[in-house]
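Asks: Here you go, one structure.
The values are calculated or read from the model by the stated rules, or taken from the named source; none is laboratory data. Just so it is clear, the structure is predicted and the values come from calculations on it, not from any experiment. Note that we place each Cβ from the backbone using ideal geometry, even for glycine, and neighbour counts take in every protein chain shown. Heads up: the accessible areas ignore ligands, DNA and RNA and are worked out on the full protein's heavy atoms, side chains in. Shrake-Rupley method; radii C 1.70, N 1.55, O 1.52, S 1.80 Å.
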Amino acid sequence: MTMTLQANNVTFTYRGRHGAPVLQNISLTIQSGERVGLKAPSGRGKTTLCRLLAGYERPQSGQVLLDGKPVCGMRGVCPVQMMWQHPETVVDPLLRLGVTLSESGPVDRRLLEELHIEDGWMERFPAELSGGELQRFCLARALNPATRFLLCDEISAMLDLVTQAQIWSFLIREAERRDLGLLIVSHSDSLLEQVCTRIETLPV
Amino acid sequence: MTTTNRRRSTLFLVLFAVAVLAAITVAGILLNGRAMESDFARKNLMPCLEYPFGTDWMGRDMLARTLAGLSLSIRIGLLTAAVSACIALVMGIISATMGRWADSVVCFCIDLVMGIPHILLVMLISIACGKGFLGVVTGVALSHWTSLARVIRGEVMQLRQAPYILAARKLGIRRWDIVRRHMLVHLMPQFLTGLILLFPHAILHEASVTFLGFGLSSEQPAIGVILSESMRYLTTGKWWLALFPGISLVIVVLLFALLGERIRLLLDPASAQE
């Protein structure tokens, strides 16, 4: 079943920045199965667009729709999940990782094996893992069975090339298997060309 | 090595303060009988070896009276501080999570309580509740939660925007589970420190309200009662009646303040090494 995630003419201003919208009349459509690349210089609102698409923020005008329904007010596990640039901020520093992971329900063994997540990590605290390990961990959490769209905001910027390659080849396989829609934000043109089916640029 | 030693000495200070306070509390409970005992054969004795704090005009042992009074103060302080801190925790969380309307109501209550001078509010509530133990506890408990509630409200508001809480909400975790699993753990250091730093306030206000005659009844050996009675004998040269109980009260308050400060240092990750 194909689903559509759609931003229609969204405009967004952060509170306190009067009259200077970060995004103005932006439209973007992602179908499931698509891997859309998004590029723009720093500070042009790539992360903001991700936050809007995932329903973390409400646009001042325009709509973000998933199959015609607004993403913002959805109950239960949101089908649009976002991966953040800094994984260490997305896990509760005072909880063992096993507890954090269990918030996404029972996670498939196969997923953990493919992401090389070791059982011993479940007993550890986030400060005891490296950024790359945490990022894979967040990926396992975001790939809830209910997830249909995954927004990847610079998820590989701070990883070494080998880990980057592992993560992306895993993500492409997983997206194809589950017919996920991906939005990939990156500054690296070669990465976007390699991974994406379509590349969009935010207007200046 | 110096860091671990420092942490250990802080821990030692904390344990020492707790031990002294616990000893005073237990000793006061055990000495309650002796504190009431009057013997006119030994009235108005200066401090001496047998009676280190002297005796009063009814021949009561001032050391026993002081210990019993401090013990009562500490127990009242514990109770009121605990009730106050719990009110603060609940109000802070309600204000920060239940939407704008609840926030305005809670903030209005905080401003209202803060706007009235503490001692006046404690007196009014105490009189309304019929003075005595119940009056003092209710009065102090209902007037001391405000500043901690503000701290907790601010903390929860900050936590609410933390990416890991946003991510948990996107995974469909219910609001109450988020408060329980993610927020309470983070609030614990603030809460515990606030709780302990409430003790000195609670004890001092209990003593002052009793001193003014709106608190505990005069047959109870409370510090406030001791101080207000000894006022009458000060002018006749019986300085020990007020001096030793007063100094002991100050020492107990300082011990609690030190305890709170050290526990904050131990719990706060930014200063965990000190």
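Asks: Checking buried surface per residue: for the stretch A:21-62, which residues lose a minimum of 30 Å² accessible area in the protein assembly relative to the chain alone (1.4 Å probe)?
Replies: Residues losing area: A:Tyr56.
Asks: If the reach is capped at under 18 angstrom between alpha carbons, list the lysines near B:Lys238, excluding any in the same chain fewer than eight residues apart.
Replies: Within the straight-line limit of under 18 Å, B:Lys238 reaches these lysines: B:Lys43.
Asks: Among B:Gly59, B:Ala17, B:Leu159, pick out the residue whose Cα is farthest towards the positive end of the charge dipole of the protein assembly as shown, where Lys and Arg carry +1 and Asp and Glu carry -1 on C-beta, about the Cα centre.
Replies: In the protein assembly as shown, that residue is B:Gly59.
Asks: Would you compute the Debye intensity of the stretch B:78-221 from its alpha-carbon atoms alone, equal scatterers and no solvent, and pass along log10 I(q)/I(0) at q = 0.08, 0.13, 0.15 Å⁻¹ to two decimals?
Replies: Reported log10 I(q)/I(0), two decimals: -0.27, -0.61, -0.75.
Asks: Looking only at Cα atoms, what is the convex hull volume of the stretch B:32-161 per residue, in Å³? The partial results should precede the final answer.
Replies: On the way: hull volume 17.6 nm³, N = 130.
Hull volume over Cα atoms, normalised by residue count, gives 135 Å³.
Asks: Sort B:Arg100, B:Arg174 by accessible area with a 1.4 Å probe, largest first.
Replies: Details: B:Arg100 195, B:Arg174 165 Å².
Result, largest first: B:Arg100, B:Arg174.
Asks: Counting only heavy atoms of the protein chains, get the accessible area per residue of the stretch A:126-204 (1.4 Å probe) and round it to a whole Å² value. If you can, show how the numbers build up before the last one.
Replies: Working: 3310 Å² over 79 residues.
So the stretch A:126-204 comes to 42 Å² accessible per residue, rounded to a whole number.
Asks: Quick one: grab Rg to one decimal and Dmax as a whole number for chain A, Cα atoms only, in Å.
Replies: My reading of the Cα-based Rg and Dmax gives 16.7, 50 Å.
Asks: Looking only at Cα atoms, what is the convex hull volume of the protein assembly as shown per residue, in Å³?
Replies: Working: hull volume 91.4 nm³, N = 478.
Enclosed volume per residue, from the Cα hull, is 191 Å³.
Asks: Once Lys and Arg get +1 and Asp and Glu get -1 on their Cβ, which of B:Val122, A:Ser190, B:Ala85 lies farthest toward the positive end of the dipole of the protein assembly as shown?
Replies: It is B:Val122, whose Cα lies furthest towards the positive end.
Asks: Summing +1 for each Lys or Arg and -1 for each Asp or Glu, what net charge is found among the other residues whose Cβ lies under 13 Å from the Cβ of B:Pro200?
Replies: Working: positive: none; negative: B:Glu206, B:Glu261.
So the surrounding residues net to -2.
Asks: Next up: Compute the helix-to-body angle for A:131-142: its Cα long axis versus the longest principal axis of chain A, expressed 0 to 90° and rounded to tens.
Replies: Orientation of helix A:131-142: about 70 degrees from the principal axis.
Asks: Counting other C-beta atoms within 10 Å, and keeping those with at most 10, which DSSP coil trypsin sites (Lys or Arg not before Pro) do you find in the stretch A:1-94? Each step should come with its number before you reach the end.
Replies: Details: sites: A:Arg15, A:Arg17, A:Arg35, A:Lys39, A:Arg44, A:Lys46, A:Arg51, A:Arg75; in loops: A:Arg15, A:Arg17, A:Arg44, A:Arg75.
Within the stretch A:1-94, the qualifying trypsin sites (Lys or Arg not before Pro) (loop, at most 10 other Cβ atoms within 10 Å) are A:Arg15, A:Arg17, A:Arg75.
Asks: Mind putting together the pair-distance distribution for the stretch B:202-274? All Cα pairs, 5 Å bins, whole percent per bin, short to long.
Replies: Percent of pairs per bin, in order: 3, 16, 19, 17, 13, 9, 7, 7, 6, 3, 1.
Asks: Let me ask something else about it. Compare B:Phe12, B:Phe244 by solvent-accessible area with a 1.4 Å probe and give them largest first, with all protein chains kept in place.
Replies: Details: B:Phe12 140, B:Phe244 50 Å².
Largest accessible area first, the list is B:Phe12, B:Phe244.
Asks: Could you compute the net charge surrounding A:Thr47? Neighbours are other residues with a C-beta less than 13 Å from the C-beta of A:Thr47; K and R count +1, D and E count -1. Intermediate values should be presented prior to the final figure.
Replies: Numbers: positive: A:Lys39, A:Arg44, A:Lys46, A:Arg51; negative: A:Glu57, A:Asp153, A:Glu154.
With Lys, Arg at +1 and Asp, Glu at -1, the neighbours total +1.
Asks: Let me ask another. Rounded to the nearest 10 degrees, what's the angle between the helix A:161-178 long axis and the longest principal axis of chain A, both from Cα atoms, 0 to 90?
Replies: It is inclined by approximately 70 degrees.
Asks: Compute the distance from the alpha-carbon center of the stretch A:142-189 to that of the stretch B:23-56, in whole Å.
Replies: Value for the Cα centre distance between the two parts: 77 Å.
Asks: How much solvent-accessible surface does B:His201 expose, in Å² to the nearest 10, with a 1.4 Å probe and all protein chains in place?
Replies: Probe radius 1.4 Å; accessible area of B:His201 about 100 Å².
Asks: What accessible area, summed over both chains, is buried at the A-B interface (1.4 Å probe, Å², nearest 100)?
Replies: Details: alone 10240 and 14120 Å², together 22780 Å².
Summing both chains' loss of accessible area gives about 1600 Å².
Asks: When all protein chains stay in place, what accessible area (Å², nearest 10, 1.4 Å probe) is found for A:Phe125?
Replies: Number for this one is 70 Å².
Asks: Could I ask something else about it? Mind checking the dipole of the stretch A:1-126: about its Cα centre, +1 per Lys or Arg Cβ, -1 per Asp or Glu Cβ, Debye to the nearest 20?
Replies: Details: 14 positive and 12 negative charges, 150 e Å.
I would put it at about 720 debye.
Asks: Could you bin all the Cα-Cα distances of chain B into 10 Å bins starting at 0 and give me the percent of pairs in each, rounded to whole numbers?
Replies: Reading upward from the zero bin: 7, 25, 27, 22, 13, 5, 2, 0.
Asks: With a 1.4 Å probe and every protein chain kept in, tell me what percent of the accessible surface of the protein assembly as shown is carbon plus sulfur.
Replies: Details: 13960 of 22780 Å².
Carbon and sulfur: 61 percent of the exposed surface of the protein assembly as shown.
Asks: Would you mind giving the three semi-axes, in whole Å and largest first, of the ellipsoid equivalent to the stretch B:1-66 according to its Cα gyration tensor?
Replies: Values: eigenvalues 290, 33, 6 Å².
Computed over the stretch B:1-66, the values are 38, 13, 6 Å.
Asks: Further question: Rounded to the nearest 20 debye, what is the charge dipole size of the stretch A:2-56 about its Cα centre when +1 sits on each Lys and Arg Cβ and -1 on each Asp and Glu Cβ? Walk me through the numbers on the way to the answer.
Replies: Details: 7 positive and 1 negative charges, 49 e Å.
In total the dipole reaches around 240 debye.
Asks: With a point put 7 Å past each Cα toward its Cβ, work out how far B:Val26 is from B:Cys86 in nm, to one decimal.
Replies: 2.6 nm
Asks: In bins 10 Å wide, starting from 0, what share of all Cα pairs of the stretch A:119-164 does each bin hold, as a percent?
Replies: Histogram of Cα-Cα distances, whole percents per bin: 23, 48, 29, 0.
Asks: Ranked from the most accessible area to the least, with a 1.4 Å probe and all protein chains present, what is the order of A:Leu139, A:Leu65? Write down the numbers at each step before the final one.
Replies: Numbers: A:Leu139 0, A:Leu65 25 Å².
Final ranking, largest accessible area leading: A:Leu65, A:Leu139.
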